[in-house]
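Take a look at the structure below.
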Amino acid sequence: MSDTTTAEQTQEPRLITETGLDRRIADIIEPVLMPMGYQLVRVRLSSQNGATLQIMAERTDGTMTVEDCEAISTAISPVLDVEDPVEKQYHLEVSSPGIDRPMVRKSDFSRWSGHLIKCETSILVDNRKRFRGKIVSTDDDGFTIERDQPAYGEEPTVVIPFTALAEGRLILTDELIRDALVADKKAKAQQAANENFEDENSPID
């Protein structure tokens, strides 16, 4: 089994994907990112500065450095030049999802359990389509939030099925910033430890 096949098999699918031209671009670049150990978070072509193609991505452990952004840009630029999906000049912008990140995979909800989120559903859930509250639990089918401002007569918690999710994003708080910095520090330490282990166990030429 090739390394590429292994990487692709371990990729967790996104709950929220693009449409139209953004979807076509995602389909072009995702096969390039996966073997490199990156997950695509979002593709968005906007009219900013004439036209800007924003690629949000991260490592599977949630980290993303400036060097990672440069590596992704270098890898996908030739592929985009060949496929040429955008029929005009554009600026390529590769970035991390940020602390108040979009929530696009099931693991995002378990990883950031206990934090505030705002989300929108494609269908009515408990007579609403927009929600704001703290993630209190998650399973294979959906996640439960504790509403921060329930309306009169509403239950304090609501279960949102993943199949109904249209959009979700973390809300920036002091607690989120603190936990994101701690998680990033742990992930980078683990990454450094893995690299040291590989160096120590690599064959000597």
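Table for the structure above
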{"read-out": "Rounded to 10°, Cα long-axis angle of helix 20-33 versus longest principal axis of the chain", "value": "50"}
{"read-out": "Tilt relative to the chain, helix 66-83 - C-alpha long axis, 0 to 90 degrees, to 10", "value": "80"}
{"read-out": "Stretch in the chain that is longest and holds no GluC sites (Glu not before Pro) that DSSP places in a loop and that have at most 16 other beta carbons within 10 Å", "value": "1-86"}
{"read-out": "Farthest toward positive dipole pole in segment 3-95 [+1 Lys/Arg, -1 Asp/Glu at C-beta], among LEU80, GLN48, LEU33", "value": "GLN48"}
{"read-out": "Estimated [θ] at 222 nm from DSSP helical runs (n ≥ 4, -39500 (n - 2.57)) normalised by residues in the chain, nearest 500", "value": "-11500 deg cm²/dmol"}
{"read-out": "Residues of segment 104-119 with amide N under 13 Å of the 7 Å Cα→Cβ point at ILE177", "value": "none"}
{"read-out": "Nearest 10 degrees, 0 to 90: helix 174-201 Cα axis against the chain principal axis", "value": "30"}
{"read-out": "Sparse-neighbourhood loop sites, chymotrypsin sites (Phe, Trp or Tyr not before Pro) in segment 109-205 - DSSP loop, at most 12 other Cβ within 10 angstrom", "value": "TYR152"}
{"read-out": "Relative exposure of CYS119, CYS69, judged by other C-beta atoms within 10 Å (fewest first)", "value": "CYS69, CYS119"}
{"read-out": "Cα centroid separation, segment 11-51 to segment 90-159 (Å)", "value": "21"}
{"read-out": "Relative contact order of the chain, defined on C-alpha pairs under 8 angstrom at six or more residues apart (%)", "value": "17"}
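Values quoted throughout were computed directly from the atomic coordinates according to the rules given, and no laboratory measurement underlies them. Just so it is clear, the structure is predicted and the values come from calculations on it, not from any experiment. Cβ sites come from the backbone with ideal geometry, for glycine too, and all protein chains shown count toward neighbours.
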